[in-house]
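What follows is a short report on a single structure.
The values are calculated or read from the model by the stated rules, or taken from the named source; none is laboratory data. Owing to the predicted nature of the structure, the values given are computational and were not obtained by experimental measurement. So basically every Cβ, Gly included, is an ideal-geometry build from the backbone, and we count neighbours across all protein chains shown. For accessibility, only protein heavy atoms count, side chains too; no ligands or nucleic acids. Shrake-Rupley method; radii C 1.70, N 1.55, O 1.52, S 1.80 Å.
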Amino acid sequence: MTGSTGTELLHYTDSYLRTFETHVVAVDDQTHAVALAATAFFPTGGGQPHDTGRLGWDGGEAEVVDVRKAGNNVVWHTLVETTSLPEISDRISGSIDWDRRYLLMRIHTAQHVLSGVIWRDYRARVTGASMTPGEGRLDFELPAMSQEFARTVEANTNSEIARDLPVRVLFLPRAEADHDQSLLRLKANLIPRSVDPLRVIDIVGLDRQADGGTHVASTSEVGRIRVLEARSKGRDNKRIRIAVDDC
């Protein structure tokens, strides 16, 4: 492995960015991966899987099959093994698999709407989350679960989605975030103090969460949610699995 420096995360400020230009800052022959000065690819983290897509350079092109963040905020892009690797300082053109990314944006925002509805109506905290393109699950500190409860939550979540609420990306100083009750309930205080400012996804009037993922700009882009499963995972641990559908 040669070279290393931090990677600028372009998706932090623009989840709709599909293509970008940058250069290589490090190459790892053993894992067949490259690190870039900047990237629009989301690296696996926070329950959201990595983006896929392609990187191109003078004399080569390759499919991106994995994206991971390592130490010093370096984002590594693993390329399909049958291709060559670019060299340090090579100019790179990157493109995101937009259909996959947009499904992840929709389901991630849907999860935040669901979380906001359950907190508002039942004061239940989220204890776990994961997603795939178009589907996701959330675990909550709830004492009981029923199909009637699931139908009610589905209807209330879809009502909030239909309100076309703006979804804003904020960067809050830690001193301000530490006194934001909506962030405290989601244990934002557990995020390392070195992360300052704190990136926050604000679904205006419903939900605010410290979050590093990609989201749509308005809840109406989610479409509709459908509860696929609602079940108990143990005492005070209930799981809701959802999918997003087009309206």
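Scan segment 12-24 for residues that are in a strand (DSSP E or B) and open to solvent by 50 Å² or more (accessible area, probe 1.4 Å) and report the count.
Looking only at segment 12-24, we keep the residues that are in a strand (DSSP E or B), and these are 19-24.
Okay, now just the ones that are also open to solvent by 50 Å² or more (accessible area, probe 1.4 Å), so 19, 21, 23.
Going through segment 12-24 one residue at a time, the tally reaches 3.
Identify all residues within segment 144-159 that are over 11 Å from Ile118 (Cβ atoms) and not hydrophobic (A, V, I, L, M, F, W, C); write none if there are none.
Passing the criteria: Ser146, Gln147, Glu148, Arg151, Glu154, Asn158, Ser159.
Restricting attention to segment 53-71, which residues are open to solvent by 40 Å² or more (accessible area, probe 1.4 Å) and farther than 15 Å from Thr39 by Cα?
Matches in segment 53-71: Asp58, Gly59, Glu61, Gly71.
Hey, any hits in segment 197-207 for a residue that's at negative phi, at pLDDT below 95 and surrounded by fewer than 17 Cβ atoms within 10 Å (Cβ to Cβ)?
Yes, because at least one residue in segment 197-207 is at negative phi, at pLDDT below 95 and surrounded by fewer than 17 Cβ atoms within 10 Å (Cβ to Cβ).
Show me the strands (runs of 3 or more DSSP E) found entirely inside segment 79-196 where at least 2 residues are out of contact with any Leu (no Cβ under 9 Å at 6 or more places or on another chain) and either under 30 Å from Glu61 (Cβ atoms) or open to solvent by 60 Å² or more (accessible area, probe 1.4 Å) (or both).
Qualifying strands (runs of 3 or more DSSP E): 167-172.
Look through segment 25-47, keep the residues that are in contact with an Asp or Glu (Cβ under 6 Å, 6 or more places away or on another chain) and under 11 Å from Trp76 (Cβ atoms), and return whichever of them is most open to solvent (accessible area, probe 1.4 Å).
Per the criteria, the residue is His32.
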